[in-house]
Structures are given as C-alpha cells and as structure tokens.
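Novice: This structure is in structure tokens; I'll ask about it shortly.
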C-alpha cells in the first residue's frame, strides 16, 4: 500500500493537478471534497475523461473528471484487493479504516509484492510455486486454468466458462 498519497481539492483545475502529479512523480491523486475523499484523478482519467471534453485544462476542475474511488477495508487480503481491481478494471483502490483514508493499493504495489514473494519462495525452496488465481479478463466469471500437453508442459491458460485462452 502507498501511504504517501497526494491529495487535491475537487475545485483544483486539471492543469494544476497535472502539474502537481508531475512534480511529485505520481500517476494519480485523491480528490477531496472538504476532508472527504470523493474520487481519484489519474493519468488514465486525463486521457479517457478530460481529453474528450475538448476544453482547456485551466478551465476544468478535477471534480468534474474524477473517477470513483473504490474502497477496501484495511484488513482485507491482497487477493481480495487484486480481484476487486481486476473486476472493476481500475488501477488502484482506496484503503480505508473507519471511513479514514490510509492510502491506496495499486496494480504496481500488487505486482511488486507478488514478484517479491515468488522470487523469495523460488530462492529458498524447491517446492511448487504458489498457485495464483487469475480472473478471466473476458467474462470475469471464472479463473483461468492451466492446460498442459502430454509432457506436462503448459500450452495455454484457459477459462472454463467462456473458453478464452492466453
């Protein structure tokens, strides 16, 4: 989880939010209405929501183009966080405890954690690697299953529900 989340007021212009994001070297900010987190403004929202408005960035407030801030409880597992991010096609989740924003967890946080854990396991043992459930990106109703050939070599990963394969 990233705890040093940059925050802006909903009345901040898109231009000022982008300048702040560049100066802090971040790809997103939490949008506040008073002290309450009401959304997020990310590089993705800039491309998908703002650009289509065809307006000047100093005339549009981030509150107008903010994406919803999905919430997850601080005690939730990493697996639940990952599943929530994938199911909702977001890049981050707000981590809350008693309605207080503690930070957010991003796809990057999850990827770093998974790679550390798997690398550590691989270096310290010869056991089978941890099974990681991957939700089907097409139907989002089942987890991909490993399909192997007669030699046990993985040929592809396939969804048992919609037959999507990768």
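The values are calculated or read from the model by the stated rules, or taken from the named source; none is laboratory data. Computed from a prediction, not measured in an experiment: that's the story for all the values here. Because the Cβ atoms are built from the backbone with ideal geometry, glycine has one as well, and the counts that use them run over all protein chains shown.
Novice: Can you tell me which residues in the stretch 71-84 are surrounded by fewer than 17 Cβ atoms within 10 Å (Cβ to Cβ) and closer than 17 Å to residue 28 by Cβ?
Specialist: Passing the criteria: 71, 84.
Novice: Suppose the filter is more than 15 Å from residue 1 (Cα to Cα) and modelled with pLDDT under 85; does residue 147 pass it?
Specialist: no
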